[in-house]
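Below is one structure, written out as structure tokens; comments come after it.
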Amino acid sequence: MPYLEQIFPLIILSLAVASVAWTVTQEEIFRELQEFCSKRCKSGSTLLERKFFYVFTCEYCFSHWVTLFFLVLSGYRLLLDDWRGYALAFFVIPWLANQWMSLYRRIRVEIKKVDAEAEIVKEKADDGKE
């Protein structure tokens, strides 16, 4: 596949990886799983057990496993048409996915900051009316 044609699938795959990794490790819908894995990664009896459960608490770590799943599912290879293309994609996709997640985290923080500032202004306005 020509190099320029590889960019669109790379972006789409990285967005899909970011979405799944973020949702499983950060969003409320998986809160019980996150709490369970967090406890087990701290109290596991073996190193392997602790590391296994840690993967589900870290979006960076989990993004590599999600990438592996999507590479098997899609057969996407980056730059080279053999196993080396899979290896390159395995490292580039999570890197890009983590850039998307960092951007998303910053946007969420900014939105929460603006909401908190608006709430303060509203409270001051309400206090002035009384």
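Values for this structure:
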read-out	value
Residue match in the range 57-71 (condition: more than 15 Å from Ser19 (Cα to Cα) and at pLDDT 95 or above)	yes
Selection from the range 1-33 of residues that are open to solvent by 100 Å² or more (accessible area, probe 1.4 Å) and not in a helix (DSSP H, G or I)	Met1
Tally of residues being open to solvent by 70 Å² or more (accessible area, probe 1.4 Å) and either part of a helix (DSSP H, G or I) or in contact (Cβ under 8 Å) with a residue 60 or more places away in the chain (or both) across the range 39-76	16
Flag if Leu79 is within 30 Å of Leu4 (Cβ to Cβ), out of contact with any His (no Cβ under 8 Å at 6 or more places or on another chain), open to solvent by less than 100 Å² (accessible area, probe 1.4 Å) and not basic (Lys, Arg)	yes
Hey, Ala125 among the small types (Gly, Ala, Ser) and closer than 25 Å to Thr23 by Cα or not	no
Test: Phe36 is free of Cβ contacts under 8 Å to residues at least 60 places away in the same chain, of a type outside the set (Gly, Ala, Ser), touching a His at 6+ places or on another chain (Cβ under 9 Å) and open to solvent by 70 Å² or more (accessible area, probe 1.4 Å)	no
Boolean, Ile11 is under 19 Å from Val66 (Cβ atoms), among the hydrophobic types (A, V, I, L, M, F, W, C) and out of contact with any Leu (no Cβ under 9 Å at 6 or more places or on another chain)	no
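Here's the yes/no breakdown for (1) closer than 23 Å to Ala87 by Cβ; (2) over 17 Å from the mean Cα position of the chain (by Cα); (3) not basic (Lys, Arg):
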position: Trp22; (1), (2), (3): no, no, yes
position: Glu27; (1), (2), (3): no, no, yes
position: Glu32; (1), (2), (3): no, yes, yes
position: Cys37; (1), (2), (3): no, no, yes
position: Cys41; (1), (2), (3): no, yes, yes
position: Ser45; (1), (2), (3): no, yes, yes
position: Ser63; (1), (2), (3): yes, no, yes
position: Thr67; (1), (2), (3): yes, no, yes
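The values are calculated or read from the model by the stated rules, or taken from the named source; none is laboratory data. The shown structure was predicted, so the numbers you read here are calculated from the model rather than taken from an experiment. As a convention, Cβ positions derive from the backbone with ideal geometry for all residues, glycine included, and neighbour counts pool all protein chains shown. In case anyone asks, the SASA skips ligands and DNA or RNA and just uses the protein heavy atoms, side chains included. Shrake-Rupley method; radii C 1.70, N 1.55, O 1.52, S 1.80 Å.
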